[in-house]
């Protein structure tokens with residue numbers, strides 16, 4: 001894979017990790033600033049990040065949450081597009097390496113007989 005593509009792949013993976021942390025945190029901040037009680041699947045009460053309702057912080061957190069969501073959509077689209085490009089245009093094994101249900105075929109070493 002060319003160096004530029006490898007750097008882009010690393011950047012996309014880093015962005016995905018940052019986003020999967022930042023989106024829930026911004027949602028938690030939004031709920032806290034709205035003074036809305038939050039629980040994790042109804043099992044655990046999640047404490048508020050703020051002392052109470054804060055309209056300015058609520059607006060900021062909501063905008064951040066929505067913006068981060070759309071960035072995630074764009075990054076995922078780029079990720080899927082790149083994987084499909086590797087599969088259909090470059091015809092390399094990048095997509096096969098990404099899919100968990102695909103088995104990786106390993107060539108039989110020369111000199112060994114298949115039994």
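Some observations on this one:
- Residue list for the range 60-92, filter: in a loop (DSSP other than H, G, I, E, B) and either surrounded by 11 or more Cβ atoms within 10 Å (Cβ to Cβ) or at pLDDT 95 or above (or both): 92
- Complete set of residues in the range 2-40 that are loosely packed, with under 12 Cβ neighbours inside 10 Å and under 27 Å from residue 53 (Cβ atoms): 21, 36, 37, 39, 40
- Any hit, the range 2-12, residues being more than 22 Å from residue 68 (Cβ to Cβ) and part of a loop (DSSP other than H, G, I, E, B): yes
- Taken over the range 21-59, the criterion of being in contact with a helix residue (DSSP H, G or I) (Cβ under 8 Å, 6 or more places away or on another chain), assigned to a helix (DSSP H, G or I) and either under 30 Å from residue 79 (Cα atoms) or modelled with pLDDT under 95 (or both) is satisfied by 22, 23, 26, 27, 29, 30.
The values are calculated or read from the model by the stated rules, or taken from the named source; none is laboratory data. Because the structure is predicted, anything quoted here is derived from the model rather than measured. When we count neighbours, we look across all protein chains shown, and the Cβ atoms used for this are built from the backbone with ideal geometry, even at glycine.
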